[in-house]
Amino acid sequence: MPGSLFPTTRRSVIEALRSGDVEERTRAYDTLAAIYWRPLYKYARIIHGRDATDAEDLTQSLMLQAFERGGLEGYDSRRASFRTFLRVVFDRLIANHDKHAARLKRGGHFDFFSAEVELNLEHATEDPEEYFQQQWIKSLFATAVDRCREALDPLTFAIFESYDLAPEAGVTYTKLARDHGVSEMTITNRLAGARRRFREIALALVREITASEEEFRNEARALFAVFRLRDVAVRPDFEGTRYTLVREIARGGMGIVYEAIDRELNRRVAIKVAGTQSRIEAELIAGLEHPGIIPIHDAGVLPDGRAFYVMKLVRGSTLSETPHGVAEAVRLCVRISEPVAFAHARGVVHRDLKPSNIMLGEFGEVLVMDWGVAVAGTPGYMAPEEERTPRSDVFALGVLLREFLARENVPRRLRAIVTKATARDPNDRYASAREFSEDLVRFLDDQPVAAYPENAVDVLLRWVHRNRALLAVIAAYLVMRIVVLLIWHR
């Protein structure tokens, strides 16, 4: 790497920890703790096989030792990197630790439970140095991301986060431009600026926690050998709340959903984390109490400024397979339409109805998610007009029904319903999801539908279809009578 990429003006944490100034030492300790507490805890758990309580005590012991003036004496930058030195000191601390001594909790603010959860998702290498380096890189990147979030304006960070940190499948500059209402050139420029700022912040952090130019260069090279930022970014900080994250459930353009534990009520919940739109969505859903809409339990703002809301955890899957049979497809579309119609009656438009926003619960529930926060919608399901109204949702419902029926022999009356729902002119569509749903129910009940004006032949055919059982009995009776008469006349 060219020398110009490496900042040289920031005072090293190692030097500051030796300072007689308590404030300077405290600032240095905060930086050291932010980078190292999680790698140290995991190192004790995985490499040394200590239980969670031991690992907590040992990690906090080393952190206290680092804070004390002279606590890390003996470090020589000519012999090893500070990271390696700290690991060796930790090894010695663990070796001298008496597991049977009375343990004294030393306090602290580290969320050890979240690190414990992460251990269940990781596979450790057998090389202690390699494992510790991996955890160090993850922690340093996470700290750099937090500082970058503070340094960048919200739009630039949102673009950076969507494309580099937590991209959904198929994210493109075109999609980002559409989602944020800007040009692709703006996306390109903002992303380049964010990457440059992130690199500056990350390198400044490395400068803070290294003691020599050579160590700095080596650690910087190790850091930027990681190409995918999202592979090392850790999850949101829920410290100070009643929730502990367990795992990521889903992610998309509107945010990330996690499974979490509500420690106060001892139950599993789902938490959605996003920007300000998450708060808007929470407020919308809170006013929509319907069996087809997942209820909101709580909402708040994280230390990094992102909003989150807590909802019921529903086991199931999104709508990935189309139903089999015309009647089943229509019934499913009616059930999807019910919560949408309920929302329309209260002035709320969904804006982005599509299979991935519809969940089928393990007990047969049909739930509509991600309410009212999309800027435009999803191509293929998005109505052609710019203004989002209930008729825009009707268009998406019509597209869903058309997809459900793609492999079926569709009756003319049902084809007419789909055509009316997906008309290009909003005025030619159903005015609301309720009107659309009511026409589908009439179709299921073999009644006249609003989308299809019937002639006399249609009325007759529908009457025959509706009374086919009775007609079959009459036909059987007539055949029997004819047979009896023929036998009688012989």
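Every residue, every condition in (1) buried (at least 16 other Cβ atoms within 10 Å of the Cβ); (2) on the phi > 0 side of the Ramachandran plot; (3) modelled with pLDDT of 80 or more, yes or no:
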residue	(1), (2), (3)
TYR258	yes, no, yes
ALA270	yes, no, yes
GLU281	yes, no, no
PRO291	no, no, yes
ASP304	no, no, no
ALA329	yes, no, yes
ALA341	yes, no, yes
ARG346	no, no, yes
MET359	yes, no, yes
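Quick one: is PHE67 within 30 Å of ARG221 (Cβ to Cβ) and modelled with pLDDT of 80 or more?
On the way: within 30 Å of ARG221 (Cβ to Cβ): yes; modelled with pLDDT of 80 or more: no.
Judged against the criteria, PHE67 is not a match.
Of the residues ARG412, ARG407, ARG424, ARG429, only one is in contact (Cβ under 8 Å) with a residue 24 or more places away in the chain and buried (at least 17 other Cβ atoms within 10 Å of the Cβ); which? Before the answer, list the steps.
Working: ARG412 fails: buried (at least 17 other Cβ atoms within 10 Å of the Cβ); ARG407 fails: buried (at least 17 other Cβ atoms within 10 Å of the Cβ); ARG424 fails: buried (at least 17 other Cβ atoms within 10 Å of the Cβ).
Matching residue, one of ARG412, ARG407, ARG424, ARG429: ARG429.
Taking ALA177 as the residue in question, decide whether it is modelled with pLDDT of 80 or more, in a helix (DSSP H, G or I) and under 24 Å from the mean Cα position of the chain (by Cα).
Values: modelled with pLDDT of 80 or more: yes; in a helix (DSSP H, G or I): yes; under 24 Å from the mean Cα position of the chain (by Cα): yes.
So ALA177 fits the description; yes.
Which condition does VAL182 not pass, out of (1) modelled with pLDDT under 80; (2) part of a loop (DSSP other than H, G, I, E, B); (3) over 22 Å from ALA34 (Cα atoms), if it passes all the others?
Checking VAL182 against (1) modelled with pLDDT under 80; (2) part of a loop (DSSP other than H, G, I, E, B); (3) over 22 Å from ALA34 (Cα atoms), the one that fails is (1).
Name the residues in region 361-392 that are of a type in the set (Val, Ile, Thr) and either modelled with pLDDT of 85 or more or closer than 14 Å to THR422 by Cβ (or both), would you?
Our first condition is that a residue be of a type in the set (Val, Ile, Thr); within region 361-392, this holds for 366, 368, 373, 375, 378, 389.
Listed by number, the residues that qualify are VAL366, VAL368, THR389.
Might you check whether a residue that is among the polar types (S, T, N, Q) and either assigned to a loop (DSSP other than H, G, I, E, B) or at pLDDT below 80 (or both) occurs anywhere in region 141-148?
So in region 141-148, the residues among the polar types (S, T, N, Q) come out as 143.
Filter once more, so that each one left must be either assigned to a loop (DSSP other than H, G, I, E, B) or at pLDDT below 80 (or both): none.
Checked against the condition, which is being among the polar types (S, T, N, Q) and either assigned to a loop (DSSP other than H, G, I, E, B) or at pLDDT below 80 (or both), region 141-148 yields no hits at all.
Within region 197-208, can one find any residue that is at pLDDT 80 or above, surrounded by fewer than 16 Cβ atoms within 10 Å (Cβ to Cβ), farther than 30 Å from SER356 by Cβ and in contact with a Lys or Arg (Cβ under 8 Å, 6 or more places away or on another chain)?
yes
The values are calculated or read from the model by the stated rules, or taken from the named source; none is laboratory data. As the structure is a prediction and not an experimental result, all values here were calculated from the model. Backbone-built Cβ (ideal geometry, glycine too); neighbour counts: all protein chains shown.
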